[in-house]
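Below is the structure I would like to discuss, written out as structure tokens.
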Amino acid sequence: MVLPVSADERLDAAQVLDMLQRIQGRWRSDCRPVDDGPGHGYQQTRLVVSFTHFTFSTIEYANAQCLTERSRWQAKYRFVLGSPLQTRDSKVAFAIDFSSGEIPSAVETLYPNNLVYSQSGVLLLGQAPLNPSTERLQQLDYSRAFSR
């Protein structure tokens with residue numbers, strides 16, 4: 001038995017709406033060491049997902065506890081959430097397309113044909129390939145997890 005196409009579209013729409021609701025809100029990465037240049041330190045990225053935008057605030061700290069702020073950069077991206085897809089490690093993620101927003105992206109550079117996964121208070125984006133491509137990402141980046 002073959003189901004009509006509209007039934008699949010309604011199912012996808014319900015799944016997309018559920019994912020859209022799950023990713024809304026405030027997220028943060030772990031405090032991690034960075035070694036870029038003479039003034040190495042620590043960074044944490046805070047993410048706010050609000051309706052149609054991802055806003056990243058990358059904060060550089062002087063100490064491992066991420067308490068003494070040195071500097072901060074912000075990047076804002078408009079996004080469109082797409083249909084569910086299966087990643088290479090068999091997780092169900094969603095296609096997500098990013099475009100640069102109002103704030104120049106000085107620190108966070110997002111791969112435009114990305115994917116997003118969220119479950120149990122963790123949000124993951126796709127792992128960008130070594131060589132730029134126009135294809136949709138297929139693998140999640142576990143090294144850059146965000147939590148609530």
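The values are calculated or read from the model by the stated rules, or taken from the named source; none is laboratory data. As the structure is a computational prediction, the values presented were derived from the model and not from experiment. Cβ placement follows ideal geometry from the backbone for every residue including glycine, while neighbour counts extend to all protein chains displayed.
Return the total of residues in segment 26-46 being surrounded by 14 or more Cβ atoms within 10 Å (Cβ to Cβ), assigned to a strand (DSSP E or B) and of a type outside the set (Lys, Arg).
Residues in segment 26-46 being surrounded by 14 or more Cβ atoms within 10 Å (Cβ to Cβ), assigned to a strand (DSSP E or B) and of a type outside the set (Lys, Arg): 6 in total.
In addition: Taking segment 68-90, which residues are of a type in the set (Val, Ile, Thr) and assigned to a strand (DSSP E or B)?
Going residue by residue through segment 68-90, those that are of a type in the set (Val, Ile, Thr) are 68, 80, 87.
80, the sole residue that qualifies.
So which pairs qualify, if the first residue must be in segment 26-38 and modelled with pLDDT of 85 or more, the second must be assigned to a loop (DSSP other than H, G, I, E, B), the Cβ gap must be under 6 Å, and the two must be at least 6 apart or on different chains?
31/66
Just wondering, is there one or more residues in segment 47-55 that are more than 15 Å from the chain's Cα centre (by Cα), β-branched (Val, Ile, Thr) and not in a loop (DSSP other than H, G, I, E, B)? Show your work before the answer.
So the first thing to find is which residues in segment 47-55 are more than 15 Å from the chain's Cα centre (by Cα), and the list is none.
Within segment 47-55, none of the residues are more than 15 Å from the chain's Cα centre (by Cα), β-branched (Val, Ile, Thr) and not in a loop (DSSP other than H, G, I, E, B).
Can you pull out every residue in segment 15-61 that is among the small types (Gly, Ala, Ser) and in contact with an Asp or Glu (Cβ under 8 Å, 6 or more places away or on another chain)? Explain how you work it out, then say what you get.
Residues of segment 15-61 that are among the small types (Gly, Ala, Ser), as a first pass: 25, 29, 37, 39, 41, 50, 57.
Within segment 15-61, just 41 meets the criteria.
Between a residue in segment 43-57 that is closer than 13 Å to residue 72 by Cα and of a type in the set (Val, Ile, Thr) and any residue that is in a loop (DSSP other than H, G, I, E, B) and modelled with pLDDT of 95 or more, which pairs come within a Cβ distance under 6 Å, given they are 6 or more apart or on different chains?
Between residues of segment 43-57 that are closer than 13 Å to residue 72 by Cα and of a type in the set (Val, Ile, Thr) and residues that are in a loop (DSSP other than H, G, I, E, B) and modelled with pLDDT of 95 or more, the close pairs are 45/29.
Still on this structure: Before we move on, is residue 112 of a type outside the set (Phe, Trp, Tyr), more than 19 Å from residue 15 (Cβ to Cβ) and at pLDDT below 90? Walk me through how you get there before you give the answer.
On the way: of a type outside the set (Phe, Trp, Tyr): yes; more than 19 Å from residue 15 (Cβ to Cβ): yes; at pLDDT below 90: no.
When the stated conditions are applied, residue 112 does not pass them.
Another question, if that's okay. Check 125, 137 and return the single one that is over 11 Å from the mean Cα position of the chain (by Cα) and either surrounded by 15 or more Cβ atoms within 10 Å (Cβ to Cβ) or outside any strand (DSSP E or B) (or both).
On the way: 125 fails: over 11 Å from the mean Cα position of the chain (by Cα).
From the options 125, 137, the qualifying one is 137.
Which one of these does residue 125 not meet: (1) farther than 21 Å from residue 26 by Cβ; (2) in contact with a helix residue (DSSP H, G or I) (Cβ under 9 Å, 6 or more places away or on another chain); (3) of a type in the set (A, V, I, L, M, F, W, C)?
If we test residue 125 against (1) farther than 21 Å from residue 26 by Cβ; (2) in contact with a helix residue (DSSP H, G or I) (Cβ under 9 Å, 6 or more places away or on another chain); (3) of a type in the set (A, V, I, L, M, F, W, C), just (1) comes out false.
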